[in-house]
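Here is the structure we will look at, set down as structure tokens.
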Amino acid sequence: MHEALLTLGFGIVTASILALSAVAFTLEYAVTNVANVSHGEILTVGAYAAYLVHQRTGSAIAAAIAAAIAGGLVALAMHSAVIGPFIRFGASPTVVFIATLGVSFVLQNVLVIFFGAANVAYTLDPGAPQHIGPFLLTPLDIEIVVSAIAITAALFLIISRTKFGKALRAVSQNRELARVTGINATRVAGATFFLAGLVAGYAGFILAESVGSFNPYFGFGFFLITLTAAVAGGLGKAFGTLVGAVMVGLILEFAGGYISASYNLAIAFAILAVVILVRPRGLFTNARRTVFE
Amino acid sequence: MNLGRSDRRAGAWRLVASSAATVVLLAACGNNTTSTSSGKLPTGPVTMGVLSCFTGSLASLGQAMLQGSQVAQKAINDGGGILGQQLTIAHADTQCDEADSVPATRQLLAASNVVGIIGPETQEINAVTPIVTSAKIPTQFQGGSTLFDKNSNQWLWRDSPSDSQLGVAMALYAYKKGYHNAALIFYSDIAAQTFPPPITATFTKLGGKIVTNITIAPGQTSYRTQVQQVIALNPDVIFTQTDAPTAAVLFRNFKELDNLAIPFVGTDVTGGDDFLKAITYQVAHDHLISVYGTSVTGAAADEFNKVFAAVNGANQQPLANANYAYDAVISQALAIDKANSITGADINAAMTSVTNPPGTKCDTYKTCLDLIKAGTKINFEGASGPLDFNQYHNVFGPYAAFQQDPASGQQVQLDVLSAADLAAATP
């Protein structure tokens, strides 16, 4: 039982990082109806920005802010330069999907040009592990979990209590109808991408902090798990995605610990396949209600 | 497209005719020999083929193989040639791909009329084996695949040690250091998965105990649960191989949960710069020993370095593993000298009589050749090691344990595990 609780604690840390990445991804999807395959690169850019700033300042807080801003700017650029124009020209979601795949490869190779393909060591001291109830967590783990909860709560407030959030939900439900009612859908989508980029950039920072090393392909690898969480919870539905992320994070950790560490990804994807078969719109979707309503 | 009966018949005749023409052509190409009672003697230059990948991501393997072969060519030709003839080297590009290695091998056999082949690597050997077996060409391939540890194909020889030998070396090193309980953490890569069986068998044979064997999927963001499981079993040492990104996470998780209290013994991959940078040089220095093949010292290695400098210039350094190809060419040449024939079967039969004890040890082609001419049984000592083939046509070590020096960024050799030590420890 004790070991299972330790695993639960480790799973919560993994799920926290995954939750931020997945919620950001699902927000991007909500306003464009396109799965942004280059989402992983927002995390990567965030990680590199944090690395550079941390090298110069030695401040983890400055690094975190830099990661978020870099992520936000890259996501805004993705929307302004690629996704937005494609949508305005009436391209199908499949075409935009492929375009974002291209953006992903371009960004990876740009990062290779600037930083090389080798791993960059990002060695922040995680601190000594402490027993927090039944869990064994380092100060870094606690920082990750607390910041993930805080950011998720902030997102909840933004989406449910602000005028921008209302517009975001309107565009998410019906872009054309939102436009008819006077909402500038393109601007709302751009702002949503910036917001999602802030969150994803920060997720890149804490992911790099957690793994201690990264390279230009680091975010792309994590994107597969992000996608799993988002699809399991309900693509475009932030609350469902959040629950999906926690579920996938825990499954990865428990499957690795109790079934086989070499098959944890396979098990996660097998569960995704079952979810898609049984609940094609995700586990936590309701046809008549959108998220946070 | 459907062919009528007459078309098919005409096609068949064309096939027969072209095959006959090919046979005549090959016979014409191969006419630089004369037959004697003792076998087939060359009447012109003797050609050996280097079959390796010269293009693609693993092109460095072929470059090293060709480089070592060219150094041997110089040593042989300066030492009197093979049966009085000069040695020439032909090469063909497998592109490190099984499908591409088939036409490359056929081209090498048909166009260059080679008497022996150096290469390929284990990536392509399965595709090449049927062709060289059919052609009865002695083939000295390289690579660590454990599938060839009990090789029964008489035409295949391997003068680079098997990965299982590396596993033996890792287990032997750890046991000699006083570690008696060990955990294994290897990632789910096919090559990495060849290590746990020989490590387990050797460590157990020596008296140690494997407390757990964990296979991890690469590229995860956390291995904390697996790390916690290993820590709970309290091993003295952890044997490992993963890719660099996985190692970064794994070492980070060990740092978090037990401050890296358990030392690691890793494979050659863990001595690579990308791996060391991922976990940081300082962590590598403090917590990791990498075990891999080491250069031997002695007259054979000195001769290799001397001839290499003559061919490539004193400022150049040999590529990694070039010495294996050098030994392969020299040993095949000596086998031809001993057999007094360039027939594959004769070369094969003479191979161990020039490489294995008992016999007078010799380190250079010329001294070995002089001994053969004097009727002395020789034991050629290679630049890469003793080059004593076992019954499966495999060789042993030597290996060494290396530790990272964080200041210079170089690996420092700590302890040598000789071929004899490895042979004794092998289950």
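The values are calculated or read from the model by the stated rules, or taken from the named source; none is laboratory data. Note that this is a predicted model, so its numbers are computed, not measured. Every residue, glycine as well, gets a Cβ built from its backbone with ideal geometry; the counts of neighbours run over all protein chains shown.
A few points about this structure:
- One residue stands out in the stretch A:127-142 among those that are free of Cβ contacts under 8 Å to residues at least 24 places away in the same chain and not small (Gly, Ala, Ser): the one that is farthest from A:PHE205 (Cα to Cα), namely A:HIS131.
Rundown of residues vs (1) in a helix (DSSP H, G or I); (2) on the phi > 0 side of the Ramachandran plot; (3) modelled with pLDDT of 80 or more, yes/no style:
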site	(1), (2), (3)
A:PHE220	yes, no, yes
A:LEU224	yes, no, yes
A:VAL246	yes, no, yes
A:LEU272	yes, no, no
A:VAL291	no, no, no
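- The residues in the stretch B:329-351 that are assigned to a helix (DSSP H, G or I) and of a type in the set (Ser, Thr, Tyr) can be counted, and the count is 1.
- B:ASN340 being in contact (Cβ under 8 Å) with a residue 60 or more places away in the chain and among the polar types (S, T, N, Q): yes
- Exclusive hit being within 14 Å of chain B (Cβ to nearest Cβ), under 20 Å from A:ALA203 (Cα atoms) and in contact with a helix residue (DSSP H, G or I) (Cβ under 9 Å, 6 or more places away or on another chain), set A:ALA60, A:ALA35, A:ALA47, A:ALA68: A:ALA47
- Reported count of residues in the stretch B:204-220, each being in contact with a strand residue (DSSP E or B) (Cβ under 6 Å, 6 or more places away or on another chain), of a type in the set (A, V, I, L, M, F, W, C) and more than 11 Å from chain A (Cβ to nearest Cβ), is 2.
- When residues of the stretch B:254-274 are limited to those that are within 22 Å of A:SER210 (Cα to Cα), more than 9 Å from chain A (Cβ to nearest Cβ) and in a helix (DSSP H, G or I), the one farthest from the chain's Cα centre (by Cα): B:PHE254
- Exclusive hit being buried (at least 24 other Cβ atoms within 10 Å of the Cβ) and within 14 Å of chain B (Cβ to nearest Cβ), set A:VAL248, A:VAL199: A:VAL248
- Residues that are under 17 Å from B:THR270 (Cα atoms) and under 17 Å from the mean Cα position of the chain (by Cα) were ranked within the stretch B:378-427; the one that is surrounded by the most Cβ atoms within 10 Å (Cβ to Cβ) is B:TYR399.
- Condition met for A:LEU265 (at pLDDT below 80, in a helix (DSSP H, G or I), out of contact with any strand residue (DSSP E or B) (no Cβ under 8 Å at 6 or more places or on another chain) and closer than 27 Å to A:ALA30 by Cα): yes
- Candidates B:ALA299, B:ALA314, filtered to the one that is more than 26 Å from B:GLU121 (Cα to Cα), touching a residue at least 60 places away in the same chain (Cβ under 8 Å), of a type in the set (A, V, I, L, M) and away from chain A (no Cβ under 14 Å): B:ALA299
- The residues listed here are B:ALA400, B:ALA424, B:ALA350; of these, the one that is on the phi < 0 side of the Ramachandran plot and touching a strand residue (DSSP E or B) at 6+ places or on another chain (Cβ under 9 Å) is B:ALA400.
- A:ASN215 fulfils the conditions (1) under 22 Å from B:ALA248 (Cα atoms); (2) at pLDDT 85 or above; (3) more than 9 Å from chain B (Cβ to nearest Cβ); (4) out of contact with any Gly (no Cβ under 7 Å at 6 or more places or on another chain) except for a single criterion, (3).
- Helices (runs of 4 or more DSSP H) (entirely within the stretch A:83-189) containing at least 2 residues that are at pLDDT 90 or above and more than 14 Å from chain B (Cβ to nearest Cβ): A:84-88, A:93-115, A:139-161, A:163-173
- The residue of the stretch B:221-253 that is nearest to A:VAL120 (Cα to Cα), among those that are in a helix (DSSP H, G or I) and among the hydroxyl-bearing types (Ser, Thr, Tyr), is B:THR246.
- Condition check for B:LEU250: within 14 Å of chain A (Cβ to nearest Cβ) and on the phi > 0 side of the Ramachandran plot: no
- Matching residues in the stretch A:251-267 - criterion: being more than 10 Å from chain B (Cβ to nearest Cβ) and either of a type outside the set (Val, Ile, Thr) or more than 21 Å from the chain's Cα centre (by Cα) (or both): A:ILE259
- Sole exception among (1) acidic (Asp, Glu); (2) surrounded by fewer than 20 Cβ atoms within 10 Å (Cβ to Cβ); (3) within 17 Å of the chain's Cα centre (by Cα) for B:ASP163, by number: (2)
- Within the option set A:PHE10, A:PHE25, being assigned to a helix (DSSP H, G or I), within 14 Å of chain B (Cβ to nearest Cβ) and aromatic (Phe, Trp, Tyr) holds for one residue only, A:PHE10.
- Residue that is surrounded by the most Cβ atoms within 10 Å (Cβ to Cβ) [pool: residues in the stretch B:221-240 that are within 7 Å of another protein chain (Cβ to nearest Cβ) and either within 13 Å of B:HIS180 (Cα to Cα) or not hydroxyl-bearing (Ser, Thr, Tyr) (or both)]: B:ARG224
- All of (1) closer than 30 Å to B:SER134 by Cα; (2) at pLDDT 95 or above hold for B:TYR324 with one exception: (2).
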